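Accompanying notes for the structure given below.
The values are calculated or read from the model by the stated rules, or taken from the named source; none is laboratory data. Since the structure is predicted, the reported quantities are computational estimates derived from the model, not experimental observations. Neighbour counts are summed over all protein chains in view; Cβ atoms, including those assigned to glycine, are modelled from backbone coordinates with ideal geometry.
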Amino acid sequence: MQSPQPSATRAPEADGYQPRRAARTEMLETREGRIALTRWGSDSGLPCLLLHGWMDCAAGWQLLVDELPEHWSFLGIDWRGHGSSAWRAERYWFAERLAELDAVLDALGPAAPWRVIAHSLGGMVASLYAAIRPERLAWLVNIEGFGMPEIRAEEFTAHIGSWLEQLRSPPLARHYASVAELARMLQRRNPALPASHALYLAKVWTRPHAEGFEMIADPRLQLSSPVRYTRAQIESGWAQIRIPVQLLYGSDSELVHRAGPGLLERFAAAIPRADIQCVSPAGHLLHHEQPQQSAAHIVRFAEAAEHGSGG
């Protein structure tokens with residue numbers, strides 16, 4: 001592992017968000033390839049593991065980290081194809097995220113069970129990993145990691161056909177004239193996102209390009225997945241979780257609505273002792289939109305879980 005280096009992406013514009021905790025990055029060589037890590041806080045002890053969502057990166061956790069207790073330390077992973085981690089030569093499959101997480105934890109060496117905070121894609125990975133490797137996780141905060149809507153049987157062939165068409169013309173990197181342009185777009189899509197938070201995210205998600213700025217994530221991540229896990233498979237995984245779990249969801253989350261009726265009830269039925277909390281007003285990016293409110297829920301849950309009264 002290389003020595004930690006100060007992150008080059010943390011310098012905000014004058015009217016942007018000013019991080020309160022210093023972050024540092026390092027590269028980790030694993031059997032799943034080169035993966036970037038971002039750390040906050042002390043190097044001693046076991047940090048809280050942060051798993052970001054699709055097209056995000058570990059640096060995006062800064063907004064939430066700044067609201068969590070100062071004595072907590074954190075370790076964020078950039079999934080391959082995101083942030084500063086290596087891109088894959090071929091396409092990206094969900095199961096590879098499980099392999100990446102497993103490889104990172106193996107490379108970091110034996111340790112006590114990890115405390116995990118995970119969003120969206122990261123929450124989906126962490127939930128399934130908690131069922132597969134229960135001894136490796138102490139507790140889990142799942143932020144909107146519900147899984148994608150199921151493809152109905154009568155839609156399956158059309159879905160595969162659409163995927164084949166996408167492969168004929170793979171997506172290109174998204175370009176913006178300025179980070180401010182991307183920030184404005186983020187606010188249009190996420191009305192509860194403060195302007196300073198939107199600008200911060202726009203900065204850590206992009207890099208300079210001849211046309212202005214481009215997203216740093218591999219554009220092939222935009223390809224739809226030809227095969228999705230079924231709702232029954234996802235909920236079977238939830239039912240096998242034995243660690244304390246908190247589910248945070250946004251009051252205005254489109255993902256909750258797209259997943260179909262009764263999603264929260266099914267989650268509660270699969271994990272009867274789960275702590276389910278709504279963050280409001282917020283959508284899918286609730287930890288970016290309302291980091292202070294999200295942090296308050298997480299701290300209360302973590303204190304209960306670690307004193308034996310949560311989960």
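Any residue in the range 110-131 that is without any contact (Cβ under 8 Å) to a residue 24 or more places away in the chain, small (G, A, S) and surrounded by fewer than 16 Cβ atoms within 10 Å (Cβ to Cβ)?
Scanning the range 110-131, I find no residue that is without any contact (Cβ under 8 Å) to a residue 24 or more places away in the chain, small (G, A, S) and surrounded by fewer than 16 Cβ atoms within 10 Å (Cβ to Cβ), so the answer is no.
Determine whether L248 is touching a Ser or Thr at 6+ places or on another chain (Cβ under 7 Å) and not small (G, A, S).
yes
Suppose we filter the range 117-138 for residues that are closer than 19 Å to C278 by Cα and in a strand (DSSP E or B); how many remain?
Residues in the range 117-138 being closer than 19 Å to C278 by Cα and in a strand (DSSP E or B): 3 in total.
In this structure, does R91 turn out to be exposed (fewer than 14 other Cβ atoms within 10 Å of the Cβ) and in contact (Cβ under 8 Å) with a residue 12 or more places away in the chain?
no
When the range 281-299 is examined, which residues are found to be among the β-branched types (V, I, T) and in contact with a helix residue (DSSP H, G or I) (Cβ under 9 Å, 6 or more places away or on another chain)?
I298
Search the range 211-222 for residues that are of a type in the set (F, W, Y) and pair each with any residue that is in a helix (DSSP H, G or I) when their beta-carbon atoms are under 9 Å apart and the residues are at least 6 apart or on different chains.
F213/V179; F213/E181; F213/L182; F213/A202; F213/K203
Contact list please: Cβ distance under 9 Å, first residue in the range 24-51 and free of Cβ contacts under 8 Å to residues at least 24 places away in the same chain, second residue of a type in the set (D, E, K, R) and in a strand (DSSP E or B), pairs at least six apart or on different chains.
So the pair list comes out as R24/R39.
How many of the residues making up the range 220-238 are surrounded by fewer than 19 Cβ atoms within 10 Å (Cβ to Cβ) and aromatic (F, W, Y)?
Residues that pass the stated criteria total 1.
Of the residues in the range 18-36, how many are of a type outside the set (D, E, K, R) and over 16 Å from A99 (Cα atoms)?
6
Kindly establish whether P261 is surrounded by 16 or more Cβ atoms within 10 Å (Cβ to Cβ) and assigned to a loop (DSSP other than H, G, I, E, B).
no
Do we find that I160 is of a type in the set (V, I, T) and within 21 Å of G260 (Cβ to Cβ) in this structure?
Criteria not met by I160.
Where residues in the range 145-179 are surrounded by 12 or more Cβ atoms within 10 Å (Cβ to Cβ) and β-branched (V, I, T), which of them is modelled with the lowest pLDDT?
I151
For the range 267-294, which residues satisfy the criterion of being surrounded by fewer than 20 Cβ atoms within 10 Å (Cβ to Cβ) and part of a helix (DSSP H, G or I)?
A268, A269, A270, Q292, Q293
State whether one or more residues within the range 225-237 are part of a strand (DSSP E or B) and in contact with an Asp or Glu (Cβ under 9 Å, 6 or more places away or on another chain).
no
Could you list, in sequence order, all residues of the range 205-251 that are farther than 19 Å from R88 by Cα and in contact with a Gly (Cβ under 6 Å, 6 or more places away or on another chain)?
Those that are farther than 19 Å from R88 by Cα and in contact with a Gly (Cβ under 6 Å, 6 or more places away or on another chain): I234, P244, G250.
Would you mind stating whether I241 is surrounded by fewer than 19 Cβ atoms within 10 Å (Cβ to Cβ) and at pLDDT 95 or above?
It is false that I241 is surrounded by fewer than 19 Cβ atoms within 10 Å (Cβ to Cβ) and at pLDDT 95 or above.
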